[in-house]
1. Which residue is surrounded by the fewest Cβ atoms within 10 Å (Cβ to Cβ), if the candidates are limited to the stretch 78-120 and must be under 21 Å from Ala223 (Cα atoms) and among the acidic types (Asp, Glu)?
2. Sort out which residues of the stretch 1-24 are within 17 Å of Tyr80 (Cα to Cα) and crowded, with 20+ Cβ neighbours inside 10 Å, and write them in order of number.
3. Is it the case that some residue within the stretch 204-226 is over 20 Å from Val141 (Cα atoms), crowded, with 21+ Cβ neighbours inside 10 Å and of a type in the set (A, V, I, L, M)?
4. For the stretch 136-189, give me the residue count where each residue is touching a residue at least 60 places away in the same chain (Cβ under 8 Å) and of a type in the set (Asp, Glu).
5. Would you point out which residue out of Lys126, Lys152 is surrounded by 14 or more Cβ atoms within 10 Å (Cβ to Cβ) and within 17 Å of Ala164 (Cα to Cα)?
6. Being part of a helix (DSSP H, G or I) and more than 18 Å from Pro120 (Cα to Cα) is the filter here; which residues of the stretch 163-178 pass it?
7. Scan the stretch 15-35 and give yes if some residue there is closer than 27 Å to Val222 by Cβ, more than 26 Å from the chain's Cα centre (by Cα), in a loop (DSSP other than H, G, I, E, B) and at pLDDT 85 or above, otherwise no.
8. Looking at this structure, is Phe84 in contact with a Cys (Cβ under 8 Å, 6 or more places away or on another chain) and touching a residue at least 40 places away in the same chain (Cβ under 8 Å)?
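The values are calculated or read from the model by the stated rules, or taken from the named source; none is laboratory data. Predicted, not measured: the structure shown is a model, and the values here were computed from it. Quick reminder, even Gly has a Cβ in these numbers, built from the backbone with ideal geometry, and neighbours come from all protein chains shown.
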Amino acid sequence: MVWTLGDRVTHAAKPDWGVGKIVAVLADGKLRIRFAAVGEKLLKTPPLILVTGSAAVTLPGAAGSAAKKKGGISVSIGEYKVAFLDLFPRGFCDPRYLSGERAYKIAASKMLRKTMARKPLQSLTKRGHCDEVCRLAQAVVSATNLIFPNEKMDLSDALQVEGASQQFSGALSDLLHGTGKFDDRFTAFCAVLAAIGASQWTIATYFSYLAEPDTHMFLKPVATKRIAAACDINLNYRTAPNILTYRSLLRLSERLADELADLKPKDKIDLQSFIWCVAR
């Protein structure tokens with residue numbers, strides 16, 4: 001069984017330890033579990049039994065203040081921080097984090113800002129070179145693993161449909177470099193994604209996130225919703241990309257930046273990396 005943060009369990013060989021809560025999932029099958037009777041234990045591939053329903057009692061400590069949710073109890077942001085520091089003891093300055101999580105996103109951001117800068121992108125769009133704009137966009141998408149393979153395929157297939165490349169290239173150019181309000185540009189981009197059959201949150205937020213990582217945020221729904229619950233932020237989540245949810249996402253990023261202030265995140269690339277590392 002795959003264990004996740006917040007799971008309530010008992011140890012099959014140590015029932016007297018009582019109900020435990022998984023507070024960190026580490027490498028090599030190691031789990032950090034806080035048991036009601038004996039406190040925190042670091043165990044490797046222990047024989048665990050999942051506890052659900054009324055038996056999944058709240059444990060002392062940080063978990064006690066976590067907000068309840070349907071089907072169990074949410075993980076606190078403090079517990080997510082513990083899990084992140086278990087992975088990267090030096091936080092956002094940890095060499096493993098910098099090389100494994102941050103470096104390729106920074107490289108993709110530089111790639112986007114170079115290949116899709118305002119003048120060349122707008123020039124390509126005005127001259128009707130829409131296929132080239134789509135090629136550049138797909139190259140940036142392929143530069144990271146942020147968008148799932150099936151979603152990349154959805155975008156690729158969508159852009160093959162007649163007329164789709166013109167719609168997409170124009171909306172993307174306006175999203176990145178338009179002069180109107182961002183809310184309107186984002187809404188228009190989402191409408192085009194829906195029209196061509198590529199309406200995914202990852203695609204809707206990817207380009208602006210890499211273009212301006214100090215300002216914009218990337219959304220992978222499952223992990224982000226878990227962090228929103230831990231931060232007590234209403235994400236106003238809807239499956240179809242929309243500006244209300246996106247504005248809620250930006251509020252979440254501000255709250256998360258405050259919660260992680262002691263770890264000194266540099267930008268929203270660090271915030272998104274934190275979310276993915278601990279809450280996926």
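1. Taking the candidates together, the pick is Asp86.
2. Matches in the stretch 1-24: Leu5, Gly6, Asp7, Arg8, Gly20, Lys21, Ile22, Val23, Ala24.
3. no
4. The total comes to 1.
5. Numbers: Lys126 fails: surrounded by 14 or more Cβ atoms within 10 Å (Cβ to Cβ).
Answer to the selection: Lys152.
6. From the stretch 163-178, those part of a helix (DSSP H, G or I) are 164-177; that's our starting set.
The answer is Ala164, and nothing else.
7. yes
8. Details: in contact with a Cys (Cβ under 8 Å, 6 or more places away or on another chain): yes; touching a residue at least 40 places away in the same chain (Cβ under 8 Å): yes.
It is true that Phe84 is in contact with a Cys (Cβ under 8 Å, 6 or more places away or on another chain) and touching a residue at least 40 places away in the same chain (Cβ under 8 Å).
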